[in-house]
Amino acid sequence: MSTLMNPAVDSIITVRRATPEDQDFLFGLYCAARAEDFSLLALPKDQKQQLILMQFTAQQNAYRAQFPGSDYVIVMQNDRPVGRIWIAEMEQEFHLVDIALLPEARNAGIGALLIRQLQTEARRAGKAVRSTVFRFNSGSLRFHERLGFRISAEDPVQYYMEWRPGDSPLVAP
């Protein structure tokens, strides 16, 4: 487990390996992160829940297939789970596969703290940090840019973001 202080909200942020007991939390986190998208579906509640569960399972399977050997950790704030971060360390880079926080944990500096820690590790290893951002997720795009990421490529659906050691100092936003 890794411990970080978040002075912005006077809390202790830790990460720990996920366990099978975290599945309900992770599903709830996925639902919270995608609530706006799924609110647009005009389906009965049971059908919508089944669809969301299928999407959740598909996302996890896709991440494991695309980034074999990678995994995620649970983000804790004062010993309470508030999110997850999935990082794949590769030969030339760290790939930020996914970061998600519960709505009540957002905008408190937790995500920035986690990414700065990743950038510090990447700087020590001499590796870039790469991530993809859904083109229509302006909040995620601003988050990445504030932390020194730049668009390195794009397609109709995604921006491909990159941060390299030396691109920008690791400073508080």
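Read through the labelled values (1) 49, 35, 28; (2) 51, 39, 30; (3) 53, 34, 27 and report the label of the one computed as Cα extents along the principal axes in Å from the structure.
(2)
Normalised by the residues of region 46-101, what does the relative contact order come to in percent, with Cα pairs under 8 Å and at least six apart?
The value is 22 percent.
How much length is gained if the chain between Arg150 and Arg64 is pulled fully straight, taking 0.36 nm per residue apart and subtracting their Cα-Cα distance, in nm to one decimal?
Working it through step by step, the gained length comes to 28.4 nm.
Considering all alpha-carbon pairs of region 54-153, what whole percent are spaced by more than 18 angstrom?
Summing the P(r) tail past 18 Å for region 54-153 gives 50 percent.
Just so you know, all these numbers are worked out from the coordinates, no wet-lab data involved. It should be emphasised that the depicted structure is a prediction, and the values quoted were computed from it without experimental measurement.
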